[in-house]
Structure formats: structure tokens, C-alpha cells
Amino acid sequence: MKRPSLRSGALLGVAGLTLILGGAPLLASASDHLDAPALGGLSQGGNFDPHSEHGDRDIADLYVFDGSPSTTVLALTVNPAINLFGGSFGPNVRYILNVDRNGDSIQDLAYVWRFGPVSNGAQSYAVTRYEGANARTLTNGAVIAWGSTAGNGIGSARGGAKVFAGVRSDPFFFDLTGFEGTVFGLGTDRLGSDPTDFFAGLNINAMVIEVPDDALGASHIGVWGATTFWNGSSWQAADQVGRPAINTVFNNSLVDPNAGTHKNRFNATPPSQQRTAFGGQFKTNIVATLENINAALNTGCQDYSSGTANAIANVLLPDVLTYNVGTHAVGPLNGRALADDVIDTELGLTTNGCVTSDGVGPHSDYLAHFPYLGLPH
């Protein structure tokens, strides 16, 4: 297993970054598990107290990659660490995979999961496909798949698609215990010393759909996941994610005293509006973080110039995961495969190359066949 790259003691500083930057999610510095106060976080009342507020609405990760020949796989995980918190899919939640076909960061296609109540430990589900303007209003869709989380979770689907919903092994990987030991002094594990993957034993709720490439309607797409919930009278935005960790890392209290509020707002702001919403606050936060993080943490490494920070911000926003259909997915700019090391990418990006790895690599339980995520523990 590869070891962390350390320069000027920077790994400790960047591990601390996750906490300093406004309440990082429970189980990651570079994923979206519990990424905003409305969903949960690491601390309550000043104490280290991991908690989930609304796990069934909380998106952990989005994956987009090539499946069998001439197919594309879209996967969304929710309910982080159900081994710790428990949880099911929400009967009052819509789980949405949005697809942009023309680069304007507005959805032209949407696949939406809805779930029934838990009965005998399982939930029925249906997947509806919306196209064109209907993808934006979620009206007049066509049910293309259905099934149950019982058994292997694989349902029936039309049009050459495959569909799954249920509990799987969380595909995300990160040395959390080393992080806790380095930053909090909890236990004896430390980053850079015998890295261990905390996520290797955790389960998560997952939804996976594999469709023929031509069903997507474009050769270059942008994808983002979203959840909305019914509050008794209307549908309310809950969470969304494109590339991993944009909200988690960059809307932070180091550069924004209202970071918690803006994390929640980011999750409710359509990608097409993210550069300009709230006076450009989200872009301002990205730029300020990239210009100042090494200096603020005293890592001894050089921060980005203003011009470079702005250029990176314009790539990261809108927060949409782009993918060239029919190619092999290699993140961060061409889809995201299960084994892509987003932690290492995030460390290198935020620190201007100062830190390049947490020392943990991909899981060994990914499947070579649908639904690709490993069997639950």
C-alpha cells in the first residue's frame, strides 16, 4: 500500500483542514457524507460527536463510469454508515440522478427512485425516467424499472437497462482512524503510520442503474445527484452532489463566517446558478480557500495565485460530474469510477500539490459485474 507524501509537516495541517473548514462530514475529508448542518456532522456542542440528522436524504457519493460494452453506470449512495446509524430509504424522499446533455448545467434527463415503506425488512421501489422539460419539473415521466430491496436488490427494467437498490459495502476509502489520531489524539493510530481504511467495514444504501450509452442522448454529459423530501405540503431540496467534496471542503468557516448556512444553501442551489448565487459566495469561498489554506495552516507550502485559484474555481463550479460517454472513466474530470482515489486528488488540489496521499487505496470487494458495489458486510 502506498504511503503518504509529506512535505514540511503538511499532512497534519491538511488533516486539520477538514475540521477547520466548517464542520467536515462524519467519515471523510473528500467525500460528501454529512456535508452540511441540515444533514449531520462531526461535532455537537463543541464535542466530537458524529451524528446523522437525516441520513435518508444525505448523499454520500456519486459515481459515473463505463459498464459492459456500450453501457454507462450511474450510482448514488445515501445513508452513510448505516452500520452505526441504521436507516432505510425515505418513502417521502425523491432520489434523483440528473443528466445534462448540452453543457448548460441544466438537466435534460432524470432518473428518479421512489421507495415504499419498510415491510418485513425490505422496501419496494420504482424508477421513473423524465426527459426534456419534464426532467426539470419531474412531471409526465415513464416508469422504466421496479423492484425490491429484498434479496439481491436487482429489479426489472425496460430498454436494456439494469437496476438495483439496497444495502452494499460503502465503496469510499479513507484513513479515518489515522485522521482522528493525528487531529484529535484519539487512540494510537496516526496518519502516515500503517494506514488503515475505516470504510472497509461500513455499509451504505445504494442505487445503481446501468443504461445503454445511446439512452443518455449525448456523447458528453454532466451528471449530479440530488435528494428532495416532501414536508407535508411541498417538495424541499435536501442534498446534491456532482464532483466529490466541493461543498464539504470549500464552504468553510476559515474563509466564510456563515459557512454552515452556505453549506445548506449550496445543497439547494441548482448547478447552473452556483457561480453567481448569493453574490457569488460559493466561488468566493473556493478562491479564498485556495489562496490561503497553506498559509493559514502553516504548512510551509505555497498557496495558489489569485489567477490560478479563480481558474480552478471556474472548473469546480458548476458542481457537475462530467463524462465522455463510451470512454473509460478516470476522475476527476471524466466520470468517477469506484476505485478512483478522490482523497488523494482532493489533498493535492487544495494544497497546491503539497500533500499527495493519505496512504489508503481502493477496496478489494468491488464487483466486475452489475451492480458493481461490493456485497454488504
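Couple of notes before you dig in:
- Qualifying residue in the stretch 201-219 (condition: among the charged types (D, E, K, R), in contact with a helix residue (DSSP H, G or I) (Cβ under 6 Å, 6 or more places away or on another chain) and either surrounded by fewer than 17 Cβ atoms within 10 Å (Cβ to Cβ) or over 21 Å from residue 78 (Cα atoms) (or both)): no
- Extreme residue, nearest to the chain's Cα centre (by Cα), among residues of the stretch 330-347 that are small (Gly, Ala, Ser) and more than 21 Å from residue 104 (Cα to Cα): 337
- Residue, nearest to the chain's Cα centre (by Cα), within the stretch 201-236, restricted to residues that are closer than 30 Å to residue 324 by Cα and not in a strand (DSSP E or B): 216
- Selected residue [touching a Leu at 6+ places or on another chain (Cβ under 9 Å), part of a loop (DSSP other than H, G, I, E, B) and either surrounded by 13 or more Cβ atoms within 10 Å (Cβ to Cβ) or among the aromatic types (Phe, Trp, Tyr) (or both)] from 164, 174: 174
- Once the stretch 116-173 is narrowed to residues that are among the β-branched types (Val, Ile, Thr) and touching a residue at least 60 places away in the same chain (Cβ under 8 Å), the residue that is nearest to residue 217 (Cα to Cα) is 127.
- Any hit, the stretch 327-336, residues being surrounded by 20 or more Cβ atoms within 10 Å (Cβ to Cβ) and modelled with pLDDT under 95: yes
- Residue 195 satisfies every condition listed in (1) out of contact with any Phe, Trp or Tyr (no Cβ under 8 Å at 6 or more places or on another chain); (2) at pLDDT below 95; (3) surrounded by fewer than 17 Cβ atoms within 10 Å (Cβ to Cβ) except (3).
- The number of residues in the stretch 119-151 that are of a type in the set (Phe, Trp, Tyr) and buried (at least 22 other Cβ atoms within 10 Å of the Cβ) comes to 2.
Quick grid of which residues meet (1) of a type in the set (A, V, I, L, M, F, W, C); (2) in contact with a helix residue (DSSP H, G or I) (Cβ under 9 Å, 6 or more places away or on another chain); (3) under 16 Å from residue 245 (Cα atoms):
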| site | (1), (2), (3) |
| --- | --- |
| 332 | no, yes, yes |
| 340 | no, no, yes |
| 343 | yes, no, yes |
| 352 | no, yes, no |
| 355 | yes, yes, no |
| 362 | no, no, no |
| 367 | yes, no, no |
| 371 | no, no, no |
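- Just one of the listed residues (280, 260) is touching a Pro at 6+ places or on another chain (Cβ under 6 Å) and either on the phi > 0 side of the Ramachandran plot or modelled with pLDDT under 95 (or both), and it is 260.
- Checked against the criterion of being farther than 21 Å from residue 213 by Cα and either crowded, with 16+ Cβ neighbours inside 10 Å or in contact with a His (Cβ under 7 Å, 6 or more places away or on another chain) (or both), the candidates 87, 116 yield just one match: 87.
- Subset tally (residues that are of a type outside the set (Phe, Trp, Tyr) and assigned to a strand (DSSP E or B)) for the stretch 138-161: 9
- Selection status of residue 279, in contact (Cβ under 8 Å) with a residue 60 or more places away in the chain and either under 30 Å from residue 152 (Cβ atoms) or out of contact with any His (no Cβ under 8 Å at 6 or more places or on another chain) (or both): no
- Residues in the stretch 313-326 that are of a type outside the set (Gly, Ala, Ser) and surrounded by fewer than 17 Cβ atoms within 10 Å (Cβ to Cβ): 3 in all.
- Of the strands (runs of 3 or more DSSP E) entirely within the stretch 16-121, those holding at least 2 residues that are at pLDDT 90 or above occupy 59-66, 71-78, 93-100, 109-115.
The values are calculated or read from the model by the stated rules, or taken from the named source; none is laboratory data. This structure is a prediction, so every number in the text was calculated from the model and none was measured. All Cβ positions, even for glycine, are placed from backbone atoms using ideal geometry, and neighbour counts span all protein chains on display.
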